[in-house]
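Let me give you the structure first, and then I'll get to my questions.
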Amino acid sequence: MLTQVRFIAALWVCTLVACSSLPTPVYDYKAEPNPTKLEFVLGVGDVVGINVWDNQPLNTTATIRPDGTITMPLVGDLQAVNKTPTQLKEEIKKRIADYVKTSGLDVTVSVQQWHSYRFTVSGEVTSPGLFSQENYVTVAEAIALSGGFTRFAKRNQMKLMRRGADGKIRTIPLVYDLLATGERPDMNIYMISGDSLYVP
């Protein structure tokens, strides 16, 4: 019995040593954006619904074309890519005012389909590739979508490549075992469009 207890204790100590030996990158993960708390930014392929109250002929559903524009009745072409629905709504209201002489225009813009939210998972995962989702996913969820790790994966040496507002790509180090066990939940950041997650 004593031998069995000692064996279990030894295994527990080994586990603690393994966990403590995991790399702990010095990085401010909380500084990374949380897209779930921000208004969606429109991109190519997204489908928007436009409703102008009391002006049914102006109502339309439009897909953002590769040149970043949509077409709206009467108004014509509008630049939509890289704008939020609120920004697009304000632009539509300005353009409509040139044709419809009425005060207090009530315009709504809704995102009906997401197609621009895309990210890449590559390296030692079962099904690497480009993924498109209609809801934001975390790093752990992105790994699950790619089928999980292969047996050769160095999952505690993952890297997330992300392009900043300045156009430069920064590398974010990620230790999977720390984020998956909840020891470092701040590492389980949300993937944003254009991200590339690499598993060596």
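The values are calculated or read from the model by the stated rules, or taken from the named source; none is laboratory data. This one's a predicted model, so the numbers in the text were calculated from it and none came from an experiment. Using ideal geometry, Cβ is built from the backbone for each residue, glycine included, and neighbour counts are taken over all protein chains shown.
Answer yes or no as to whether D195 is of a type in the set (D, E) and under 30 Å from T71 (Cα atoms). Reasoning before the result, please.
Details: of a type in the set (D, E): yes; under 30 Å from T71 (Cα atoms): yes.
Spelling it out, D195 is indeed of a type in the set (D, E) and under 30 Å from T71 (Cα atoms).
Within the range 105-123, restricting attention to residues that are under 25 Å from K159 (Cα atoms) and touching a helix residue (DSSP H, G or I) at 6+ places or on another chain (Cβ under 8 Å), which residue is surrounded by the most Cβ atoms within 10 Å (Cβ to Cβ)?
The first filter runs over the range 105-123 and keeps only residues under 25 Å from K159 (Cα atoms), leaving 115-123.
From what is left, the residues that are touching a helix residue (DSSP H, G or I) at 6+ places or on another chain (Cβ under 8 Å) are 119, 121.
Working: F119: 21, V121: 26.
Here the residue is V121.
Between I143, I192, which is closer than 30 Å to K89 by Cβ, buried (at least 17 other Cβ atoms within 10 Å of the Cβ) and modelled with pLDDT of 95 or more? Spell out the reasoning first.
Numbers: I143 fails: closer than 30 Å to K89 by Cβ.
On inspection, the qualifying residue turns out to be I192.
Within the range 56-67, identify whether any single residue is at pLDDT 95 or above, surrounded by 13 or more Cβ atoms within 10 Å (Cβ to Cβ), at positive phi and not aromatic (F, W, Y), and answer yes or no.
no
Yes or no: T71 assigned to a strand (DSSP E or B) and without any contact (Cβ under 8 Å) to a residue 12 or more places away in the chain?
Taking the combined requirement at face value, the residue satisfies it.
Just give me the residues in the range 157-183 being touching a Leu at 6+ places or on another chain (Cβ under 7 Å) and buried (at least 18 other Cβ atoms within 10 Å of the Cβ), in sequence order.
Within the range 157-183, M158, L160, I172, L174, V175, L178 meet the criteria.
Check E91, E134, E124 and return the single one that is in contact (Cβ under 8 Å) with a residue 24 or more places away in the chain and either over 21 Å from A31 (Cβ atoms) or out of contact with any Phe, Trp or Tyr (no Cβ under 7 Å at 6 or more places or on another chain) (or both). Spell out the reasoning first.
Details: E91 fails: in contact (Cβ under 8 Å) with a residue 24 or more places away in the chain; E134 fails: in contact (Cβ under 8 Å) with a residue 24 or more places away in the chain.
Just one listed residue meets the conditions, E124.
Among the numbered criteria (1) at pLDDT 95 or above; (2) assigned to a loop (DSSP other than H, G, I, E, B); (3) aromatic (F, W, Y), which single criterion is violated by F119?
(2)
Could you pull out the residue among K101, K168, K159, K154 that is out of contact with any helix residue (DSSP H, G or I) (no Cβ under 7 Å at 6 or more places or on another chain) and in the same structural domain as T60 (by TED's automatic domain parsing)? Can you show your working first?
Values: K168 fails: in the same structural domain as T60 (by TED's automatic domain parsing); K159 fails: in the same structural domain as T60 (by TED's automatic domain parsing); K154 fails: in the same structural domain as T60 (by TED's automatic domain parsing).
Every option except K101 fails the conditions.
Just need a number here: residues in the range 154-200 that are in a helix (DSSP H, G or I) and out of contact with any strand residue (DSSP E or B) (no Cβ under 9 Å at 6 or more places or on another chain).
5
While we're on this one: Being aromatic (F, W, Y) and over 29 Å from the mean Cα position of the chain (by Cα) is the filter here; which residues of the range 39-96 pass it? Explain how you work it out, then say what you get.
Keep residues of the range 39-96 that are aromatic (F, W, Y), which gives 40, 53.
Answer for the range 39-96, where residues must be aromatic (F, W, Y) and over 29 Å from the mean Cα position of the chain (by Cα): just W53.
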